[in-house]
Amino acid sequence: MAADWLLIDGSSVMFRAFFGIPVTAFKAPDGQPVNAVRGFLDMLARLVTDRKPRAILVATDEDWRPKFRVDVIPSYKTARLERGAMPPELQPQEPIIREVLAAIGVEVVGSDGFEAEDVIASLLPKIRGKVEIVTGDRDLFALVRDPDICVLYTQQGIGRLLVVDEAEVERRYGIPGRSYGDFAVLRGDPSDGLPGVPGVGEKTAAQLVRRYKDLDGIIASGRLGEAGNAYVQQARRVGVPVSIAPVAVPKGTRPSKAHDPQRMAVLSETYGIAAPAERLVRALAGAAATAAPIA
């Protein structure tokens, strides 16, 4: 069954597009790389064609290293501080992607001080129906709720998405399908600078979740010790997507034609992206869609 909502982790998909296509493969007439722009638009076109959502929305990182996370866990994403928020060839492509989406009429939502994962978590209470979240970030597995919310994981690219529902979470990690957030807090994520509880790896984290059900039960068991309990109490507030971003109720629509065709024409000529932009517009118009339900 087609989804009511297709929520795109825009930052994750943009990085996938950038690294999936060589920088030298596609350039604007002025020589500027547009590989991420082209890849992003083609990925969205493929998603819309395959998933046929009633509404589509792209969530953005307005802060890739939010202060509220760093205040609690200073090591959060420190590795990225050394190499920068994004590759220099990608940075100028992000505003182009946003401009093109605005001209087409695809809704883009961000919130100052929050990451895309938080925007998505904050949108979920405002919408109803079947929701598919597109991301390459496992943090969003914490939001999976059968039968309404699943993740389309881009580990194998847009053409071979892994559908992550509660059964898949249980199969992959040996935990109840709604327990990924608790499991992730215990295990940590070194790539994001989240240390996890000392001495607790993936296997032990799964065992603790299965036995004690949730973080409150694990803390009460005394198994983590004073230092471990203190870490969990802090990390549980920031180590998973939070639903406190101030986002408005989304429109719940999918454009059937370019919102601003004149602007679209200028952008297409300036950046040499007429073909992928047209593919996305055709995909959006390919099947009639009524408005998606809003809570």
Worksheet item: Long-range amide H contacts for Val58: which residues qualify at under 5 Å (H placed 1.01 Å from N, peptide plane, sequence gap of 5 or more or a different chain)?
Response: Ile8, Glu107, Val108, Val109
Worksheet item: What does the convex hull of the Cα atoms come to per residue for the range 173-238, in Å³?
Response: 80 Å³
Worksheet entry | Projected area, mean over directions - the range 128-259, Cα convex hull, nm² | 10.2 nm²
Discussion item. Starting from 0.36 nm per residue, how many nanometres of slack lie between Glu82 and Ile294 once their C-alpha separation is accounted for?
Written reply: 72.2 nm
Practice prompt. For helix 202-212, report the angle its Cα long axis makes with the longest principal axis of the Cα atoms of the chain; keep it between 0 and 90° and round to the nearest 10°.
Written response: 70 degrees
Worksheet item: the range 61-172: percent of C-alpha pairs farther apart than 16 Å?
Response: 70 percent
Worksheet entry | In Hz, Karplus ³J(HN,Hα) per residue of the range 119-136 (6.51, -1.76, 1.60; θ = phi - 60°; x = Gly, Pro) | 4, 5, 4, 7, 7, 4, x, 9, 10, 10, x, 7, 10, 10, 9, 9, 6, x
Worksheet item: So which lysines can Lys203 reach, going by Cα to Cα under 17 Å and dropping same-chain residues fewer than 8 places off?
Response: Lys213
Worksheet item: Using bins 5 angstrom wide from zero, how does P(r) for the chain break down, in % of all Cα pairs?
Response: 1, 5, 12, 15, 17, 16, 13, 9, 6, 3, 2, 1, 0
Worksheet item: In a Debye calculation with equal point scatterers on the alpha-carbon sites of the range 51-111 and no solvent, what is log10 I(q)/I(0) at q = 0.17, 0.23, 0.24 Å⁻¹?
Response: -0.77, -1.01, -1.04
Discussion item. How many angstrom lie between the Cα centre of the range 35-105 and the Cα centre of the range 237-295?
Written reply: 14 Å
Worksheet item: So for the chain: antiparallel DSSP bridges make up what percent, rounded to the nearest 5?
Response: 30 percent
Worksheet item: In straight Cα distance, which aspartates and glutamates are under 20 Å from Lys27, not counting same-chain residues fewer than 8 positions off?
Response: Asp42, Glu89, Glu94, Glu99, Glu269, Glu278
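Where a number appears in this text, it was derived from the coordinates with a stated rule and is not lab data. All values reported here derive from a predicted model rather than from experimental measurement.
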